[in-house]
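**Q** Just passing along the structure, written as structure tokens.
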Amino acid sequence: MPNQQAAQLNRVFHGLADPTRRAVLERLSSGPAAVSELAEPFKMSLPAFLQHLEVLEQCGLVKSRKTGRVRTYRLTPRPLKAAESWLEKQHKIWNRRLDQLDTLLAELKEHKS
């Protein structure tokens, strides 16, 4: 994996690492929302919440747009697809390894009997 792709994937997983940010992404999956609407369910200061939005924007998971005094965020799912692809690859690798382990254990069991 080229370094740039690896760095982007690291940023995406960093964005997904926090439960507040995951909740924001879940909310944005149903459509764009203003900062005040996104922040409402969380018991934290607005500056602290804005830091979460900044992380999400830096890793490319959301984009923002300011109209007048209102900043609206929307989900940008492309980076999630890259993470999903990486996870699928890892899933295949580990399934293959576990199948090999099952085979080895079955052979050892046969030889022991």
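**Q** Pairs only if they're at least six apart or on different chains, beta carbon under 7 angstrom, first in region 86-113 and surrounded by 10 or more Cβ atoms within 10 Å (Cβ to Cβ), second part of a helix (DSSP H, G or I) and not polar (S, T, N, Q); list them, first residue then second.
**A** Hits for this filter: Trp86/Leu9.
**Q** Taking only pairs six or more apart or across chains, which ones have beta-carbon atoms under 8 Å, a first residue in region 23-34 that is under 21 Å from Thr67 (Cβ atoms), and a second residue that is of a type in the set (Phe, Trp, Tyr)?
**A** If the second residue must be of a type in the set (Phe, Trp, Tyr), the pairs left are Val24/Tyr73; Leu28/Tyr73; Pro32/Tyr73; Ala33/Tyr73; Ala34/Tyr73.
**Q** Additional query: Which of the residues that make up region 84-113 are more than 30 Å from Arg11 (Cβ to Cβ) and either in a strand (DSSP E or B) or among the charged types (D, E, K, R) (or both)?
**A** Across region 84-113, the qualifying residues are Asp99, Asp102, Glu107, Lys109, Glu110, Lys112.
**Q** Could you tell me which numbered condition Asn10 fails, if it satisfies all but one of (1) modelled with pLDDT of 95 or more; (2) more than 12 Å from Leu80 (Cβ to Cβ)?
**A** The single condition Asn10 does not satisfy is (1).
**Q** Let me ask something else about it. So which of Lys43, Lys81, Lys63 ends up being closer than 18 Å to Gln4 by Cα, of a type outside the set (Asp, Glu) and either without any contact (Cβ under 8 Å) to a residue 60 or more places away in the chain or not in a helix (DSSP H, G or I) (or both)?
**A** Unique residue meeting the criteria: Lys81.
The values are calculated or read from the model by the stated rules, or taken from the named source; none is laboratory data. Predicted, not measured: the structure shown is a model, and the values here were computed from it. No Cβ is skipped: glycine too gets one built from the backbone with ideal geometry, and neighbour counts run over all protein chains shown.
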